[in-house]
1. Looking at (1) buried (at least 17 other Cβ atoms within 10 Å of the Cβ); (2) of a type in the set (Ser, Thr, Tyr); (3) in a loop (DSSP other than H, G, I, E, B), which is the one condition that is false for B:THR108?
2. Which count do you get for residues in segment A:11-36 that are within 14 Å of chain B (Cβ to nearest Cβ) and in a loop (DSSP other than H, G, I, E, B)?
3. Could you please let me know if A:THR8 is under 16 Å from the mean Cα position of the chain (by Cα) and within 14 Å of chain B (Cβ to nearest Cβ)?
4. Can you confirm whether segment A:63-86 contains a residue that is of a type in the set (A, V, I, L, M), closer than 30 Å to B:GLU194 by Cα, assigned to a loop (DSSP other than H, G, I, E, B) and within 14 Å of another protein chain (Cβ to nearest Cβ)?
5. Right, A:ARG7: under 30 Å from B:ILE220 (Cα atoms), part of a helix (DSSP H, G or I) and of a type in the set (D, E, K, R) or not?
6. Give segment B:143-189 a look and list any residue that's in contact (Cβ under 8 Å) with a residue 60 or more places away in the chain, outside any helix (DSSP H, G or I), among the aliphatic types (A, V, I, L, M) and within 11 Å of another protein chain (Cβ to nearest Cβ), or say none.
7. Output the residue which, of all residues in segment B:237-281 that are away from chain A (no Cβ under 13 Å) and small (Gly, Ala, Ser), is farthest from B:THR213 (Cα to Cα).
8. Given the condition under 21 Å from B:PHE316 (Cα atoms), within 21 Å of the chain's Cα centre (by Cα) and within 13 Å of another protein chain (Cβ to nearest Cβ), answer yes or no: does some residue in segment B:203-218 qualify?
Amino acid sequence: MKVIVTRTGGMAGLRRTWEVTIDEQPDRDSWQELLTRLPREHRLPAPPQPDRYVYEIRWSRRRVVLPEQQVTGPWRELVDRVRETEDRRQA
Amino acid sequence: MNCSIVPPYLLQRLASLEDPALAPVAAAARASLQRDVPFRGIRVGEAAPPTTSDRRSTLTTRALRDPDRTIADAGNTEALPGTIVRREGDSAASDPAVNEAYDGLGETHSFFRHVFARASIDDNNLPLAATVHFGDDYDNAFWDGERMVFGDGDGIVFRRMTASLSVIGHELAHGVTQHSANLLYKDQAGALNESVSDVFGALVEQRSLGHSTDEASWLIGLGLFTDEVEGEALRSLKAPGEAYNDDVLGKDPQPAHMRDYVQTSDDNGGVHLNSGIPNHAFYLVAQELGGQAWERAGLIWYTALTNGSLTPTADFAAFATATAAAAIALYGDDSVEHSAVRAGWTGVGVPVGRPAE
């Protein structure tokens, strides 16, 4: 299963994507555990703050779009982990 | 009922006075015209009339106070506001980011004060706040509704975000928009919100450099990219789509014409993409009129933004019509300025309506 993080917006308006194939990770169990901690309830989006990022997170059949200021807690953990894993892979 | 003492034709004559000794009179007349346009029978869209406290039909302007700046340091955390490190009147800090933010706030404040007789970003002498060193390798700057926040960049693609006056002006202009038309940050209204910030960001930088339309770079974020990047800046008002073309960043994706409008769910409906279209319209108007772009093209745009003729969900066509109405109010129906505005929008494929009589 893949987790795909897409970041758009920001002052520069650049589009970046990071993805991790969980089944290929040595610590796939802790990835699964993190996914179970993601909130399932629908959250009203916060009022946009101009030039902040917008994050789209996709995995399994779920797709969540969050303004940067709401990427907190387990969402933040997931996004940071996906980025770090991909950046390490690219390095 | 609005009782206007000074009739519009007289204000228009005063607004175009060129004698430097009479500059305050011209500025006051322009300020009065900007505020009065909705009440002189030129209504655009369905905006509710501004409240009584917004009405001004005399030649007096609000007290224009000096800036009151506070710069804070987030210490590479994401905690806001951070620790205050420089207050208004303090001498320069040893930290260049702090000084760039302080100076950039000052330049932007000065721009709105001297060019448009606007008292800080809310036109009520709002103190100006900025936070630097936000986050870790944070390649971004933003307006959070109360302050500007700047990252340090990652040093690979981006230098620190305070290094560009057009970026500082862009962020503060989001505050001006918030306190005037309050354009919703989504889809076409959001692209207009972004464009207004690019336009005034560029004009702040042009005025600080003394650049005419021909001399100006018309770039947003010149100086932010490191030498590694194949590109000049984040965006170009003169040539949307040509600001950069880099292996890592890709190619500047901005359209310059409505035929290339990007329908997307990214970026709140592509607000940083489709801003290229109204950006280019502004450039075309400025280029047609020549001289220093903030004086006429900038005044027309500022008038449309602040005179109550826009709703928060205005689309490109509504904004175009508002700028045409502003040009008529300021310079007359058969003026070169009005023609230039119509030609500018036609040039990017946006229809310009006839303002309601």
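1. With respect to (1) buried (at least 17 other Cβ atoms within 10 Å of the Cβ); (2) of a type in the set (Ser, Thr, Tyr); (3) in a loop (DSSP other than H, G, I, E, B), B:THR108 is out only on (3).
2. Count: 5.
3. Details: under 16 Å from the mean Cα position of the chain (by Cα): yes; within 14 Å of chain B (Cβ to nearest Cβ): yes.
Judged against the criteria, A:THR8 is a match.
4. Looking only at segment A:63-86, we keep the residues that are of a type in the set (A, V, I, L, M), and these are A:64-66, A:71, A:78-79, A:82.
Filter once more, so that each one left must be closer than 30 Å to B:GLU194 by Cα: A:64-66, A:71, A:78-79, A:82.
Pick out the ones that are also assigned to a loop (DSSP other than H, G, I, E, B) and you get A:71.
If we keep only those that are within 14 Å of another protein chain (Cβ to nearest Cβ) as well, we get A:71.
The answer is yes; a qualifying residue exists.
5. Values: under 30 Å from B:ILE220 (Cα atoms): yes; part of a helix (DSSP H, G or I): no; of a type in the set (D, E, K, R): yes.
Against the criterion (under 30 Å from B:ILE220 (Cα atoms), part of a helix (DSSP H, G or I) and of a type in the set (D, E, K, R)), A:ARG7 does not qualify.
6. Listed by number, the residues that qualify are B:VAL149, B:VAL157, B:LEU183, B:LEU184.
7. B:ALA256
8. Residues of segment B:203-218 that are under 21 Å from B:PHE316 (Cα atoms), as a first pass: B:203, B:218.
With the extra rule that they be within 21 Å of the chain's Cα centre (by Cα), the set shrinks to B:203, B:218.
This time we only want the ones that are within 13 Å of another protein chain (Cβ to nearest Cβ), so: none.
Within segment B:203-218 (the criterion being under 21 Å from B:PHE316 (Cα atoms), within 21 Å of the chain's Cα centre (by Cα) and within 13 Å of another protein chain (Cβ to nearest Cβ)), the answer is no, since none of the residues qualifies.
The values are calculated or read from the model by the stated rules, or taken from the named source; none is laboratory data. Only a predicted model underlies this, so the values are computations on that prediction, with no experimental measurement involved. Positions of Cβ are generated from backbone atoms using ideal geometry, with glycine treated the same way; all protein chains shown enter the neighbour counts.
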